[in-house]
Structures are given as C-alpha cells and as structure tokens.
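The values are calculated or read from the model by the stated rules, or taken from the named source; none is laboratory data. All of these numbers come straight from a predicted model, not from anything done at the bench. So basically every Cβ, Gly included, is an ideal-geometry build from the backbone, and we count neighbours across all protein chains shown.
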C-alpha cells in the first residue's frame, strides 16, 4: 500500500474523519484498510481513504468520486436500495458540510443500515439463532438469479485463469518474505502445490469459462457480506477492478462455504454448494473445487500478512493469527499439514 496523499483544498483526511465522526447521530466509526465507515441508527456513510493498492489508486478526488459511483452501481445488483447513492463533502464558509455551496473535497457512499444481528457470520457465532434451511435457500436463490443474469454478459476471455496465475505468484512471493511470522506452517509446500494445481487444471478452468460458469460476480463473498433479512441482501461487492469480480460461480460460493467452515459450520457451506447444483449450475471436479478453496484461503492469508508491510500497521498482532487460521485450513486441504502423509 502507498501512504495517504495530501487531501484537496487543504483539508486533511483527519479533518474529514473528525467532522464525520461528530455528525449528529453517529454511534460508531469503523476503520478498514481502505475506508472509514460512519454508522448512525439508520444509515452508513463510507469515506474511501486516499491510498493506492495494486489494483487501484484512490489518491485523487476524481478517482474516489468514480469509485463511489461504481460501488453504488455494482452493489445495487445484489443489495438493491440498500445503496442509496453518493454524497459530496464540501468546504463551506462555516466549515465542512454534506452537500451545500463550496468546493467538493471528497465523496461518500450512503447506505441504508442493515441489522447487524442478521449477518450470516453473526448468526453462526450466536448459534442459538442458527440460519434456517429456508434462509439459506433464499440466499442461494438470490445468488442463482444474479448469476443467471450475469451469464448473459460474457467476461473477457482468459482473464480469470490469468488472474489465478498472477495472484498465486504474488501469494508465493509475499508469503515467502513473511514466512518468519509462521515458522511452523509448511508455506513452500502449500504454495507450490497450489501453483501446480492451477497449472494442471487450466484446461478445466477454460472449459468452464466457455460453458458460462465464469461470470462477473461479487468478488469477495464472505459471511459478513450476507444479511439474512427477507429477502436476503448481499453487499460490499468489489468495485475496484473487474479482474477481482470475474470468477467461477463455484469458486465464489466455495469461498463463502470455506469461511462458514472456519466459523465452525461446514454444514452450512455444504448446503450452499448443494443449492447451486440443484439450481442447475454444473459443479467442477472435486480436485478443482479443492483448488478454488485453497486459492482463496492462501490469498486471504497473504492479504492479512500484507498489513504488516504498512509503515504503521493497525493491530499488528491480529494479522499473523488471522493468516495462521487460513493457512492451516489450506494446508489441511492440500495434505501438507504436519503429520499428514503429503499431497
């Protein structure tokens, strides 16, 4: 990540965060790697940080304006009117204000706030409110409708396989550099196995793309991005790059299933995957499905450890522990876990 750039019109990121934190009704502020989210009882306001990562550069006002508009456009496909639109932050005579006269110094995404206790991860953790079969069926139906619509717009040929290959090369390089944080995890065995799997299964991946099973999907389908209201809402679709959204349907839902497994509910993941098959989508070979899951787990581990490469990482103790969880499961799937006979 590149450090934040200076903000336009002499207004710093700190100025903006302070103003938005003090808005009437704000009850919580959440900071992520790429944004600040300000929560009121009814709404959420997202302010993107002026930072640059590999797939995007949000250091200019124009770039953040475009990214906010794209986030709203893309997310309405799965979240409907939860995404209300964009708001401009202006430098008025009396100070910062939302809308009004004065030069625009930034843009925000405005969303209708969803009930936190209905998020899939919260329901799994609570256990006494475990998702019902009907609720999971509604999620699958919602996703199936979305994927069928996406199948009508073919994705760029070869983009998905190229992405898998490129990201896995980055995974291997970055994890090798950060191996000292997890000395007991067989990183080289896992990353080499995964690289070999992607190469071996390339023909099947290409065939699935030709069959319409690689679509422009969500891009980051995790339990915390699914709200089991009636109807269900799936939000936080990736807006930063098309390459991150182009994905095999079973890769995407398989990642959601893997996250459910890590939360202690493998049965929910199996239900979701079975629902896709029953909806008429052809599943990959078991070998490829395992490879998809390994790729997502290894990538999440790399992204977690990448936080430690920031000049001033937030919660530095959190990231090795998070990476360990992902890599331990990837090692198990690979057959590289300690005490296992090997891949």
Out of (1) surrounded by fewer than 21 Cβ atoms within 10 Å (Cβ to Cβ); (2) under 20 Å from the mean Cα position of the chain (by Cα); (3) touching a residue at least 60 places away in the same chain (Cβ under 8 Å); (4) over 25 Å from residue 186 (Cβ atoms), the one residue 268 does not meet is (1)
Answer yes if at least one residue in segment 67-87 is farther than 23 Å from residue 234 by Cα and in contact with a strand residue (DSSP E or B) (Cβ under 6 Å, 6 or more places away or on another chain), and no otherwise.
no
Which residues, taken from segment 276-294, are closer than 24 Å to residue 121 by Cβ and within 22 Å of the chain's Cα centre (by Cα)?
276, 289, 290, 292, 293, 294
Just to check your reading of the model, which residue among 188, 207 is closer than 20 Å to residue 168 by Cα and part of a helix (DSSP H, G or I)?
188
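A quick yes/no check of all residues on (1) more than 27 Å from residue 271 (Cα to Cα); (2) out of contact with any helix residue (DSSP H, G or I) (no Cβ under 8 Å at 6 or more places or on another chain); (3) surrounded by fewer than 12 Cβ atoms within 10 Å (Cβ to Cβ); (4) in the same structural domain as residue 204 (by TED's automatic domain parsing):
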{"residue": "124", "(1), (2), (3), (4)": "no, no, no, yes"}
{"residue": "129", "(1), (2), (3), (4)": "no, no, no, yes"}
{"residue": "134", "(1), (2), (3), (4)": "no, yes, yes, yes"}
{"residue": "140", "(1), (2), (3), (4)": "no, no, no, yes"}
{"residue": "144", "(1), (2), (3), (4)": "no, no, no, yes"}
{"residue": "154", "(1), (2), (3), (4)": "yes, yes, no, yes"}
{"residue": "174", "(1), (2), (3), (4)": "yes, no, no, yes"}
Hey, residue 187 hits all of (1) at pLDDT below 95; (2) under 22 Å from the mean Cα position of the chain (by Cα); (3) over 19 Å from residue 139 (Cα atoms) but one; which does it fall short on?
(2)
Count - residues of segment 127-136 that are farther than 12 Å from residue 230 by Cβ and either more than 21 Å from the chain's Cα centre (by Cα) or outside any helix (DSSP H, G or I) (or both):
6
Do the conditions hold for residue 77, that is, is it farther than 21 Å from residue 12 by Cβ, surrounded by 15 or more Cβ atoms within 10 Å (Cβ to Cβ) and under 26 Å from the mean Cα position of the chain (by Cα)?
yes
All positions within segment 201-253 that are farther than 17 Å from residue 140 by Cα, surrounded by fewer than 17 Cβ atoms within 10 Å (Cβ to Cβ) and touching a residue at least 12 places away in the same chain (Cβ under 8 Å):
202, 204, 206, 211, 241, 242
With 196, 174 as the choices, which residue is out of contact with any strand residue (DSSP E or B) (no Cβ under 7 Å at 6 or more places or on another chain) and touching a residue at least 12 places away in the same chain (Cβ under 8 Å)?
174
Residue 56, sole failed condition from (1) surrounded by 15 or more Cβ atoms within 10 Å (Cβ to Cβ); (2) touching a residue at least 12 places away in the same chain (Cβ under 8 Å); (3) more than 27 Å from residue 215 (Cα to Cα):
(3)
Do the conditions hold for residue 206, that is, is it closer than 22 Å to residue 331 by Cα and either within 20 Å of the chain's Cα centre (by Cα) or in the same structural domain as residue 164 (by TED's automatic domain parsing) (or both)?
no
Filter segment 156-168 down to the residues that are under 27 Å from residue 301 (Cβ atoms) and touching a strand residue (DSSP E or B) at 6+ places or on another chain (Cβ under 8 Å), then identify the one that is surrounded by the most Cβ atoms within 10 Å (Cβ to Cβ).
160
